[in-house]
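Contents: one structure, followed by commentary.
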Amino acid sequence: MSTPETGSTPPAPAAYQAALGGVAWRDESDIGRMILAGRDRAALLQRLTTNDMSQIAEGSGVRTVFTSPIGRIIDVVTVHAIDDALLLLTGPGQGAAVYGLLRRNIFFNDQVTLTAAGRRYAQLTLYGPAGAAALQALCGTPTTPSIPHQIVRTAPGDDGWLLVGRRPLGVPVVTALVPAGAVAGAQAALAQHGAVPLDDATAQVLHVEAGEGRTGAEFSEHYIPLETGLLDAISFTKGCYVGQEIIARMESRGRMARRLCGLRLDAPATSPAPLWHAGADAGTLTSAVVSPRLGPVGLGYIRTAHAYGTHLTVGSGDTHATVVELPFRDA
């Protein structure tokens, strides 16, 4: 998965249609994969991230955010409990940074073992209503994850696949962590089941259509999780964590200077780009795509003063945008 830069390239129609009506697959090996084991594994994440790690039951998981001391997003990760350990899946290209952050914060008395799992598993993600059936055929398993962050092992030991439920992107999404030696065979088997490779442009379209942020665009140290709408990833009742004071203060006051919104564009645009209203700074266009279903659309952080329905100018003024609520609705 490449770092998002522009949004004017139309998606591949075959991949888009497969994701909406069949199954498309994507190699997501640039996602960091690591395992935390030991008595204090949850406590380590409890003091470093936004969500409550004390309530994760075996086979389930949560989304959480590593934040800086001033409450800005370092990375959005998912945490999954399986086999008396926690599996962490990072944002694209963030594995080394998150691994280093965890390593630096394991204290002398902590009973925690941190293991990089990127070489042990490859990561394939299936998009579309036929994804679950394809995985069942590949793995010979009768069940696949049915809710976000649920995790299922298909067989005991290192030969089994790990199947992880994902948040839907307008279509069902499920990730398979495949033993590294089996990934080539898995890709060939997916092709036999009619799965189509999902290209970067189409994956970006699906994210924007669903109003889901992405690493390097909406998820970055420019923004605070509340501005991004990551409410499912934040606990307001747990104890202290890095950046907690800023986030708690913003939540208690009930005021945000900006928030992530949808943008309907009158022409294709590139991102990032400044947004203007009557010549004044109104926010930032962070992602822009041309959707086969919605036309030119984007995501952006908009100053709260500019309510839904406000018309904005993009960049130098050749393109205009209307602020809308997320998720997008068909025109």
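The values are calculated or read from the model by the stated rules, or taken from the named source; none is laboratory data. All of these numbers come straight from a predicted model, not from anything done at the bench. Quick reminder, even Gly has a Cβ in these numbers, built from the backbone with ideal geometry, and neighbours come from all protein chains shown.
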Cβ-Cβ under 9 Å pairs, at least 6 apart or on other chains, the stretch 276-302 side assigned to a loop (DSSP other than H, G, I, E, B), far side charged (D, E, K, R):
ARG293/GLU209; ARG293/ASP330; LEU294/GLU209; LEU294/ARG264; LEU294/ARG329; LEU294/ASP330
Can you tell me which residue within the stretch 296-325, out of those that are buried (at least 17 other Cβ atoms within 10 Å of the Cβ) and hydrophobic (A, V, I, L, M, F, W, C), is farthest from the chain's Cα centre (by Cα)?
LEU312
Considering the stretch 258-275 alone, what residues qualify as being of a type in the set (S, T, N, Q) and in a loop (DSSP other than H, G, I, E, B)?
SER271
Within the stretch 103-132, restricting attention to residues that are in contact (Cβ under 8 Å) with a residue 60 or more places away in the chain and out of contact with any Leu (no Cβ under 9 Å at 6 or more places or on another chain), which residue is surrounded by the fewest Cβ atoms within 10 Å (Cβ to Cβ)?
ARG119
Tell me which residues, restricted to the stretch 260-311, are touching a helix residue (DSSP H, G or I) at 6+ places or on another chain (Cβ under 8 Å) and not aromatic (Phe, Trp, Tyr).
LEU260, SER287, ALA288, VAL289, VAL290, SER291, PRO292, ARG293, LEU294, VAL297, GLY298, LEU299
Condition set touching a helix residue (DSSP H, G or I) at 6+ places or on another chain (Cβ under 7 Å) and charged (D, E, K, R), scope the stretch 72-121, selection modelled with the highest pLDDT: answer is ASP75
Matching residues in the stretch 98-115 - criterion: being in a helix (DSSP H, G or I) and either aliphatic (A, V, I, L, M) or under 24 Å from the mean Cα position of the chain (by Cα) (or both)
VAL98, TYR99, GLY100, LEU101, LEU102, ARG103
I need the helices (runs of 4 or more DSSP H) fully contained in the stretch 173-231, keeping only those with at least 2 residues that are surrounded by fewer than 19 Cβ atoms within 10 Å (Cβ to Cβ).
183-192, 200-210
Looking at ARG119, ARG26, ARG33 in this structure, which one is among the basic types (Lys, Arg) and either assigned to a helix (DSSP H, G or I) or more than 18 Å from the chain's Cα centre (by Cα) (or both)?
ARG119
If you go through the stretch 251-265, how many residues are more than 21 Å from GLU212 (Cα to Cα) and either of a type in the set (Lys, Arg) or touching a strand residue (DSSP E or B) at 6+ places or on another chain (Cβ under 8 Å) (or both)?
2
Hits in the stretch 122-144 - residues which are assigned to a loop (DSSP other than H, G, I, E, B), of a type in the set (Val, Ile, Thr) and either under 21 Å from the mean Cα position of the chain (by Cα) or at pLDDT 90 or above (or both):
THR144
Could you tell me which of the residues THR284, THR310, THR270, THR304 is under 30 Å from ALA14 (Cα atoms) and not hydrophobic (A, V, I, L, M, F, W, C)?
THR270
If you take the residues of the stretch 237-262 that are among the polar types (S, T, N, Q) and modelled with pLDDT of 90 or more, which of them is farthest from PRO69 (Cα to Cα)?
THR237
